[in-house]
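Worksheet: one structure, shown below.
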Amino acid sequence: MSEFLRDYLLVVLFIGLAGALVFGMLGAGSLIRPTRSQPQKYLTYESGVDPVGSGWSQSNIRYYVFALLFVMFDVEAVFIFPWATRLEAYGTFGLVEMAIFIFILALGLLYAWRKGVLRWI
């Protein structure tokens with residue numbers, strides 16, 4: 001057997017061992033845990049108050065837009081970090097490209113601010 005295939009066999013062996021460990025732990029947990037059915041377990045619980053009404057409620061779209069803006073600027077950091085670590089290799093061209101990228105993101109932030117999306121009501 002070649003060294004190349006032996007390395008892959010080792011990876012497959014570790015994956016199999018990890019899967020066996022996960023299923024073994026889940027199986028041991030299902031055998032050890034108590035199984036006492038109680039109706040109180042299946043009630044909806046929220047901050048110690050008994051539930052009133054249905055569990056469905058309509059949320060304001062502003063919360064979703066706020067979350068999307070957070071994700072957008074969080075992903076921006078994912079793009080900026082590798083650029084910052086290799087700035088010398090990219091040179092002036094990389095600096096101009098990143099300035100354009102940050103300018104476009106700043107325009108998006110300004111647009112969201114002007115539309116009042118960032119106001120938390």
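The values are calculated or read from the model by the stated rules, or taken from the named source; none is laboratory data. Since we're looking at a predicted model, the values are computed, not measured. For neighbour counting, all protein chains shown are included, and Cβ atoms are generated from backbone atoms with ideal geometry for every residue, glycine included.
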query = For Phe23, all conditions in the list (1) at pLDDT below 85; (2) assigned to a helix (DSSP H, G or I); (3) not acidic (Asp, Glu) hold save one; what is the number of the exception?
reply = (1)
request  = Considering (1) over 24 Å from the mean Cα position of the chain (by Cα); (2) within 18 Å of Leu118 (Cβ to Cβ), say which one Phe73 fails and leave the rest.
outcome  = (1)
query = Which of the residues that make up the range 85-102 are of a type in the set (Phe, Trp, Tyr) and surrounded by 10 or more Cβ atoms within 10 Å (Cβ to Cβ)?
reply = Tyr90, Phe101
